[in-house]
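Undergrad: This is the structure, below, for whatever I ask next.
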Amino acid sequence: MGTKIFSKIRASNKYISVIILAAIMLITMAQILMRSIFSIPLVGIEELSRYLFISFIFLGLSYYNRIDGHIKLEGLQKNFPLKVKRIIGIIIHVSSVIVFAIITFSAIYTNLSNYDSTTQTMAIPFWLFFLPTIVGFALLTIEEIIILIEKCKMEITAWE
């Protein structure tokens, strides 16, 4: 049951990111049109755009990790023997899990510490701004654990 739910979350997060990106473009276009044609700026659009941009970035992290879309320093690794490359790969994934988990828990702590705060313009609760960070890094941590398990299984198979 839990794996089915997480599989659906994994499959949907790229579509959610695309919808958020479209929303950013639409509200930016609406702001430009309202200012230039009607000389009436929409109050809070910059704040909303910022929130959507934060959501777009953080909610898309696990998808980019899953498709191996992040920047890598492969130039150094290509000169190592295969066994060393494999060990470095495992070390990188273990380190990533640790770092992403720390960021997730730090974001949770920051969110709980600032729970009663709101933004200045639209009075959006601060916790709402931090929610994409928490969800994004939690998904990224889980995604990295899945990748690490898959890599370890491949390594065990390769050593046999």
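Undergrad: Per DSSP H run of at least 4 residues, take -39500 (n - 2.57); add these up for the chain, divide by its residues and hand me the 222 nm value, nearest 500 deg cm²/dmol.
TA: Taking each H run of at least 4 residues, the total per residue is -28500 deg cm²/dmol.
Undergrad: Could you work out, for segment 2-159, what percent of all Cα-Cα pairs fall into each 10 Å distance bin, beginning at 0 Å and stopping at the bin that holds the largest distance?
TA: Computed distribution, short to long bins: 10, 28, 29, 19, 10, 4, 1.
Undergrad: If amide hydrogens are placed 1.01 Å from N in the peptide plane, which non-local residues have theirs closer than 5 Å to the one on Thr118?
TA: Here the answer is Phe126, since their amide H atoms fall under 5 Å of that of Thr118.
Undergrad: Hey, another quick one. Rank-order 98-104, 139-145 by packing density, defined as the average count of other C-beta atoms within 10 Å over each peptide's residues, highest first.
TA: Details: 98-104: 16.4, 139-145: 21.9.
Highest mean packing first, the order is 139-145, 98-104.
Undergrad: Provide Leu26, Leu21 in ascending order of the number of other Cβ atoms located within 10 Å of each residue's Cβ, fewest first. Let's see the in-between values first.
TA: Details: Leu26 11, Leu21 15.
By the 10 Å Cβ count, ascending: Leu26, Leu21.
Undergrad: Just list whichever of Lys4/Lys72; Lys4/Lys78; Lys14/Lys72; Lys4/Lys151; Lys14/Lys78; Lys72/Lys153 have alpha carbons separated by over 27 Å in the model shown. Could you put the intermediate results ahead of the total?
TA: Details: Lys4/Lys72 31 Å; Lys4/Lys78 37 Å; Lys14/Lys72 21 Å; Lys4/Lys151 21 Å; Lys14/Lys78 30 Å; Lys72/Lys153 22 Å.
Correct reply: Lys4/Lys72; Lys4/Lys78; Lys14/Lys78.
Undergrad: Using every alpha carbon pair in segment 36-121, what percent of pairs falls into each 5 Å bin from 0 up to the bin containing the largest distance?
TA: So the P(r) values, bin by bin, are 3, 9, 11, 17, 15, 11, 10, 8, 7, 4, 3, 2, 1.
Undergrad: Which net charge results when you count Lys and Arg as +1 and Asp and Glu as -1 among the other residues whose beta-carbon is under 14 Å from that of Ala101? Let's see the in-between values first.
TA: Working: positive: none; negative: Glu143, Glu144.
Charge balance near Ala101 sits at -2.
Undergrad: Ok, one more. Pairs of Cα atoms under 8 Å, at least six residues apart: use those to get the relative contact order of the chain, whole percent.
TA: On the way: 129 pairs, mean separation 42.6, N = 160.
In percent, rounded to a whole number, it is 27.
Throughout, read-outs are computed from the coordinates displayed, never taken from laboratory work. This structure is a prediction, so every number in the text was calculated from the model and none was measured. Cβ coordinates were reconstructed from backbone atoms using ideal geometry, including for glycine residues, and neighbour counts include every protein chain displayed.
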